[in-house]
1. Could you please let me know if D50 is part of a loop (DSSP other than H, G, I, E, B) and modelled with pLDDT of 95 or more?
2. Taking L30 as the residue in question, decide whether it is surrounded by 14 or more Cβ atoms within 10 Å (Cβ to Cβ) and either of a type in the set (S, T, Y) or assigned to a loop (DSSP other than H, G, I, E, B) (or both).
3. Do we have any residue at all in segment 10-19 that's modelled with pLDDT of 95 or more, of a type in the set (A, V, I, L, M, F, W, C) and either in contact with a Cys (Cβ under 8 Å, 6 or more places away or on another chain) or open to solvent by less than 50 Å² (accessible area, probe 1.4 Å) (or both)?
4. I want to confirm something. Restricting to segment 61-74 and keeping residues that are loosely packed, with under 12 Cβ neighbours inside 10 Å and of a type in the set (S, T, Y), which single residue is modelled with the lowest pLDDT?
5. Identify the residue in segment 26-71 that is without any contact (Cβ under 8 Å) to a residue 12 or more places away in the chain and closer than 13 Å to Q4 by Cα and, among all such residues, is nearest to the chain's Cα centre (by Cα).
6. Take the residues of segment 33-60 that are open to solvent by 90 Å² or more (accessible area, probe 1.4 Å) and touching a Ser or Thr at 6+ places or on another chain (Cβ under 7 Å): which is nearest to R74 (Cα to Cα)?
7. Please enumerate the residues belonging to segment 1-25 that are farther than 20 Å from I62 by Cα and either in contact (Cβ under 8 Å) with a residue 60 or more places away in the chain or not in a helix (DSSP H, G or I) (or both).
Amino acid sequence: ARPQVEAEALHDYPQQRLRAVADQLDLPLLDLLPIFRARHRTGAGKLFYDQCHHTPYGNQVIAESIYRFIASHR
């Protein structure tokens with residue numbers, strides 16, 4: 001969500017909980033929060049229209065990240 005991405009401090013409790021569950025189930029997990037925070041800091045493009053709906057650029061970042069994640073887990 002946009003507030004997590006744009007916050008000065010890292011607020012990743014939901015991702016931590018999801019990571020714990022994925023680890024227990026031995027499942028790979030793609031956490032987009034670090035990727036979105038890094039892109040936000042570069043100012044490369046607007047990621048969100050509002051609190052949670054992605055712009056075309058935000059969707060591109062997601063698609064590229066998913067592709068790299070899947071390709072690395074073949």
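1. For D50, the condition - part of a loop (DSSP other than H, G, I, E, B) and modelled with pLDDT of 95 or more - is met.
2. yes
3. For segment 10-19, residues modelled with pLDDT of 95 or more, of a type in the set (A, V, I, L, M, F, W, C) and either in contact with a Cys (Cβ under 8 Å, 6 or more places away or on another chain) or open to solvent by less than 50 Å² (accessible area, probe 1.4 Å) (or both): absent.
4. In this case the residue turns out to be S72.
5. The residue in question is P34.
6. Taking the candidates together, the pick is K46.
7. Residues of segment 1-25 that are farther than 20 Å from I62 by Cα, as a first pass: 8-9, 13, 17, 20-21, 23-25.
Correct list: E8, A9, L25.
The values are calculated or read from the model by the stated rules, or taken from the named source; none is laboratory data. Just so we're clear, the structure is a prediction, and the values are computed from it rather than from any experiment. Virtual Cβ from ideal backbone geometry, glycine too; neighbours counted across all protein chains shown. Just so you know, the surface numbers come from the protein's heavy atoms only, side chains and all, with ligands and any DNA or RNA stripped out. Shrake-Rupley method; radii C 1.70, N 1.55, O 1.52, S 1.80 Å.
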